[in-house]
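> To start, I am sharing the structure in question, which I have written as structure tokens.
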Amino acid sequence: MNQIGLSMVGSSWLEMLNQLPHLTELHLSSCGLSGSVSYLTPVNFSSLAVIDLSFNSFNSMFPSWLVNISSLEYIDLSNSGLRGRIPLGIGEIPRLRYLNLALNENLSANCLELFRGSWKQIEVLDLGSNKLHGKLPRAIGNMTHLTHFNLFLNNVEGSLPEILEGMEKCDSKRPLPSLRYLTLSNNFLVGKIPEWLGQLKNLQQLVLAFNLFEGPIPASLGKLPNLTNLGLTRNQLNGTLPESFGQLSELSVLDVSSNFLTGTLSELHFKNLSKVKILGLSSNSLTLNVNPNWIPPFQIGNLGMGSCHLGPAFPTWLKSQKELKFLDISNASISDSIPGWFWDISSNLSLLNFSFNQLNGELPNTLPAFPFADIDLSENLLKGTVPLPSAPIELLDLSNNKFQGHIPQNISEVMPDLIFLSLSGNEISGEIPATIGKMTLLQVIDLSNNKLTGSIPSSIGECSYLKVLDLGNNNLSGSVPNSLGQLIQLQSLHLNDNKFSGGVPFSWKNLSSLETLDLGNNRLSGKFPSWISDGFQNLRILRLRSNSFSGELPLEMSGLSSLQVLDLAENNLTGTVPTSVGDLNAMVQEQKMNGYLLYGKYRGIYYEESLVVNLKNQFQKYTKTLSLLTSIDLSRNNFNGAFPVELIKLHGLIALNLSGNQISGQIPEKISSLRQLASLDLSSNMISGVIPSSMESMSFLSYLNFSNNNLSGMVPYKGQMTTFTASAFEGNPHLCGAPLLVLCHNGNSDNRTVLENDSSDEFLDKWFYVGVGLGFVTGVLVPYYILLVRKPWRRTYFSFLDTVIDRFVSVGSNRITSNRRSDRGTRFSF
């Protein structure tokens with residue numbers, strides 16, 4: 001009764017069928033059954049050999065009563081909504097040959113316990129996409145009848161056994177002699193790939209992808225005569241590709257992509273691979289060194305050699321490949337033009353990826369293309385006008401080349417089904433065609449970093465599936481259209497670095513999916529759009545810097561619970577910084593997960609979010625690490641009031657810039673609780689009081705600017721604070737101590753700071769008095785002995801000397817006192 005709708009029968013169907021003791025086969029796959037199947041007593045299925053309840057929705061614990069049916073030979077409970085532990089006794093069912101529990105997701109078992117069962121008669125064992133854990137035991141070597149073994153997408157960890165049970169008794173005994181299909185992909189397996197896999201002579205499929213295997217690929221795998229599918233992608237394998245792989249004459253799929261393989265590949269590596277249709281070598285560091293006239297023995301359908309060294313010349317051996325459907329030779333060190341013959345073989349390509357090379361020259365005005373294909377020619381040196389394909393395609397990425405001219409007016413007619421469009425980073429001029437709004441399936445429009453002029457066509461609001469609109473760094477002008485508020489799926493909006501004027505339309509309040517809003521460096525004005533703080537729970541990045549926005553920030557900023565970057569610098573904002581800024585949840589915790597901000601991902605190609613941030617008084621572009629950044633920049637506005645103490649709750653904050661405002665009050669002593677802070681700029685405000693001594697412990701702080709405030713007291717010059725120069729504190733007339741040249745005199749010997757320059761000043765001061773003293777002695781005593789001889793002269797001399805000394809002492813005392821009170825950086829003048 002497979003695929004017959006039985007959803008209306010209720011939960012009594014199992015009890016009714018249990019009354020048929022002579023039933024031998026039960027087939028109820030894809031019948032819409034639900035409810036619990038975990039309990040059944042007594043069990044009357046004494047003759048049941050086959051039970052197939054796959055593709056139903058039981059949402060039930062595992063039916064452990066199955067282990068009591070000794071007649072069972074075939075069990076298929078795949079994708080049936082089962083959960084709980086797999087009973088260990090299931091491996092003891094004496095006649096069981098086929099067991100499929102795949103795609104239940106919530107079934108669990110410990111491999112070491114589960115596979116200690118006898119499993120002597122089992123032929124097919126499929127436990128894929130569950131929650132099995134633990135290591136695989138050596139006991140799996142006893143499964144001598146096993147032909148299919150699938151543990152795909154579980155939590156199996158540890159290394160594969162170096163030797164299986166039974167192998168040590170006789171060196172000539174082969175392990176798992178019947179095994180043909182082995183799939184252990186998407187687990188957490190580590191260690192080296194064991195050599196015994198090379199002894200599975202009947203093996204046809206070996207898939208170990210998406211694990212953590214390391215070390216070299218065993219050359220013995222190249223001696224498996226029946227192997228048709230070898231999948232080792234996404235591991236940590238190193239060394240080179242064994243030359244013995246060239247002997248796998250039955251191989252149709254070879255995928256070793258995304259490892260750490262190195263070395264050179266020659267014709268010998270492909271000598272007998274006449275049946276290969278899928279060859280994945282991408283994301284390694286392999287070099288292909290073949291004769292320029294080499295003709296491969298295969299007719300490949302899917303070729304991935306991205307990041308392999310193929311250049312500098314364009315690979316001529318591709319000319320022989322007439323069945324290519326997918327071609328990826330990105331980042332392959334090719335610095336050549338694309339030969340004309342290539343376009344003759346490319347019309348059947350569903351994927352063409354030549355990105356990240358140095359391809360030059362012009363493309364044909366009409367690109368040969370297969371319907372619904374993906375074409376990625378980004379990051380090259382291609383020039384000429386923007387080409388259009390000969391057939392409707394779904395993805396076109398020509399970014400970061402040297403294309404010129406206008407965007408073709410008929411772009412919507414040629415590519416009505418386009419999903420991804422990127423022309424970023426070229427020299428394209430003119431206006432955005434209004435017809436672009438007819439491309440209603442578009443998810444990504446990236447026209448940034450060009451020379452576009454004119455206004456944004458309101459028709460873009462018709463692209464209802466749009467997730468990314470990036471028009472940044474152009475010469476666009478006019479007001480931003482209200483129609484963009486219709487793009488309710490929009491996640492990233494960049495209109496930065498243009499000449500837009502006017503205000504932000506109220507209709508944009510509907511953009512509730514928005515994660516990035518970058519309107520920086522325009523001529524926008526009007527009140528700060530207060531509605532942004534309400535309903536934008538997904539907003540991560542808000543950048544409105546360098547415009548003319550005015551007014552106060554809304555009191556309730558805490559509604560932006562996902563906000564990580566707030567950049568409102570260089571506007572005309574007034575009022576106090578709302579206390580609710582301290583409740584921005586995403587900044588309270590340290591960002592530990594580096595999750596790339598990728599949008600509009602389509603068949604492995606995506607728009608990668610980037611942002612220019614003023615950090616440490618330098619503008620820096622963030623891409624890969626943008627998700628780790630937490631920053632607040634409110635600089636160069638007209639904010640007033642006391643320092644927003646609530647900011648110290650943002651423990652994950654990395655950069656804080658409040659410079660160029662009218663903020664007063666004191667720096668809170670607990671500012672050191674901002675443990676992740678790397679950049680702090682409070683310059684050009686009216687902040688007073690002392691610098692908290694707790695800042696000595698802020699070990700991540702690498703940029704500090706407190707200049708031009710009213711700070712006073714001694715700089716806490718210890719710990720991390722010793723890494724900053726005097727420029728960080730200048731313009732505070734009442735600050736003293738290192739690294740400033742102003743000496744502190746507070747009567748406390750413990751707090752007195754004496755710089756090296758000051759010490760030398762005092763040293764010179766002391767020698768000044770010594771010099772005066774010696775001069776005094778010389779000038780007085782020498783004449784004294786002379787005058788001893790003439791008594792009349794003696795009386796006249798000493799009377800004159802008394803008058804001079806009195807005047808000197810009086811004037812010198814006043815001058816010394818005055819200089820000692822002056823700036824220690826000023827030297828005495830004699």
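> Too long at a 32 Å Cα-Cα cut-off: which of Lys192/Lys319; Lys322/Lys402; Lys201/Lys277; Lys383/Lys509? Walk me through the intermediate numbers first.
Details: Lys192/Lys319 38 Å; Lys322/Lys402 30 Å; Lys201/Lys277 22 Å; Lys383/Lys509 40 Å.
Table pairs above 32 Å Cα-Cα are Lys192/Lys319; Lys383/Lys509.
> Scan around Ile428 for amide H atoms under 5 Å from its own, H built in the peptide plane at 1.01 Å from N, and keep only partners 5 or more places away or cross-chain.
Sorted by chain and number, the residues that satisfy this are Lys451.
> Which of Asp52, Asp328 comes first, and how do the rest follow, when ranked by fewest Cβ neighbours within 10 Å?
Values: Asp52 20, Asp328 25.
If I rank by nearby Cβ atoms, fewest first, I get Asp52, Asp328.
> Given Thr623, Val645, Val612, which one lies farthest toward the positive end of the charge dipole of the stretch 555-678, if we put +1 on the Cβ of every Lys and Arg and -1 on the Cβ of every Asp and Glu?
Going by the charge dipole, the pick is Thr623.
> How much net charge surrounds Asn450 when only the other residues with a Cβ under 13 Å from the Cβ of Asn450 are counted, with Lys and Arg +1 and Asp and Glu -1? Mind showing how you got there, number by number?
Numbers: positive: Lys402, Lys451; negative: Glu427, Glu431, Asp446, Asp470, Asp497.
Here the charged neighbours net out to -3.
> Which FRET efficiency value, to the nearest 0.05, is calculated for Glu267 and Gln620 with the Förster distance at 35 angstrom and r the Cβ-Cβ distance? Don't skip to the end; give the middle numbers.
Numbers: r = 47 Å, r/R0 = 1.35.
Efficiency at R0 = 35 Å is approximately 0.15.
> Okay, next question. Would you mind ranking Asp567, Asp76 so that the residue whose beta carbon has the fewest other beta carbons within 10 Å leads the list?
Values: Asp567 24, Asp76 21.
By the 10 Å Cβ count, ascending, the order reads Asp76, Asp567.
> Oh, and also: About the Cα centre, and with charges only on the beta carbon of Lys, Arg (+1) and Asp, Glu (-1), how big is the dipole of the chain? Nearest 20 debye, please. Intermediate results must be reported in sequence, preceding the final value.
Details: 58 positive and 65 negative charges, 449 e Å.
It comes to approximately 2160 debye.
> Distances over 36 Å make up what percent of all Cα-Cα pairs in the chain? Write down the numbers at each step before the final one.
Numbers: 228715 of 344035 pairs.
Above the 36 Å cut-off, the chain has 66 percent of its Cα pairs.
> Contact order normalised by length for the chain, with contacts defined as Cα pairs under 8 Å and 6 or more residues apart; what percent is it? Write down the numbers at each step before the final one.
Values: 2214 pairs, mean separation 26.1, N = 830.
3 percent.
> What list of ³J(HN,Hα) values in whole Hz, one per residue of the stretch 305-318 in order, does the Karplus curve 6.51 cos²θ - 1.76 cosθ + 1.60 (θ = phi - 60°) give from phi, with Gly and Pro shown as x?
10, x, 6, 8, 8, 10, x, x, 7, 5, x, 6, 5, 5
> Can you order the peptides 354-366, 417-429, 334-346 by their average number of other Cβ atoms within 10 Å per residue, highest first?
Values: 354-366: 17.4, 417-429: 21.0, 334-346: 15.6.
Highest-to-lowest ranking by the protection proxy: 417-429, 354-366, 334-346.
> Straight-line reach only, C-alpha to C-alpha below 14 angstrom: list the aspartates and glutamates that Lys670 could link to, leaving out same-chain residues fewer than 8 apart.
Cα-Cα hits under 14 Å: Glu646, Glu696.
> Using Cα positions and a limit of under 13 Å, work out the aspartates and glutamates in reach of Lys621, with same-chain residues fewer than 8 apart set aside.
By straight Cα distance, Lys621 reaches Glu608, Glu609.
> Next up: Would you please give the FRET efficiency between Ser455 and Leu555, computed as 1/(1 + (r/R0)^6) with r the Cβ-Cβ distance and R0 = 35 Å, to the nearest 0.05?
Values: r = 35 Å, r/R0 = 0.99.
Efficiency computed from Cβ-Cβ geometry: 0.50.
> Let me ask another. If r is the Cβ-Cβ distance from Phe260 to Asn360 and R0 is 22 Å, what FRET efficiency results, to the nearest 0.05?
Efficiency, from the Cβ-Cβ distance: 0.10.
> Per DSSP H run of n ≥ 4, the term is -39500 (n - 2.57); total these for the chain, divide by its residue number, and report the mean residue ellipticity at 222 nm rounded to 500 deg cm²/dmol. Write down the numbers at each step before the final one.
On the way: 7 runs with 86 residues, N = 830.
The helix-only estimate for the chain comes to -3000 deg cm²/dmol at 222 nm.
> Further question: Whose amide H sits under 5 Å from the amide H of Leu382, counting only residues 5 or more places off or on another chain, with H placed in the peptide plane?
Under 5 Å from the amide H of Leu382: Lys402.
> Next question. At a threshold of 8 angstrom on Cα-Cα distance, excluding pairs fewer than six apart, so keeping six or more, what relative contact order does the stretch 524-645 reach in percent? Walk me through the numbers before you get to the answer.
On the way: 242 pairs, mean separation 31.6, N = 122.
Relative contact order comes out at 26 percent.
> If you don't mind, another one. Taking the Cα centre of the stretch 160-277 as origin, work out the dipole magnitude from +1 charges on Lys and Arg Cβ and -1 charges on Asp and Glu Cβ, in debye rounded to 20.
Values: 11 positive and 10 negative charges, 70 e Å.
Using Cβ point charges on Lys, Arg, Asp and Glu, the stretch 160-277 gives about 340 debye.
> Rank by packing, highest mean first: peptides 301-311, 240-250, with packing defined as the count of other Cβ atoms within 10 Å averaged across residues.
Final packing ranking: 301-311, 240-250.
> Skipping prolines and chain starts, which residues have an amide H placed within reach, meaning under 5 Å, of the one on Val156, given they are 5 or more residues away or on another chain?
The list, which skips near neighbours in sequence, is Phe188.
> Considering only Leu711, Gln666, Ser346, whose Cα is most displaced toward the positive end of the charge dipole of the chain, charges sitting on Cβ of Lys, Arg (+1) and Asp, Glu (-1)?
Final value for the positive-end residue is Leu711.
> Something else about it: Which net charge results when you count Lys and Arg as +1 and Asp and Glu as -1 among the other residues whose beta-carbon is under 11 Å from that of Asn259?
Working: positive: Arg234; negative: Glu214, Asp255.
With Lys, Arg at +1 and Asp, Glu at -1, the neighbours total -1.
Coordinate-derived values only; no laboratory data. The model shown is predicted, which means the values in this text are computed figures rather than measured ones. Because the Cβ atoms are built from the backbone with ideal geometry, glycine has one as well, and the counts that use them run over all protein chains shown.
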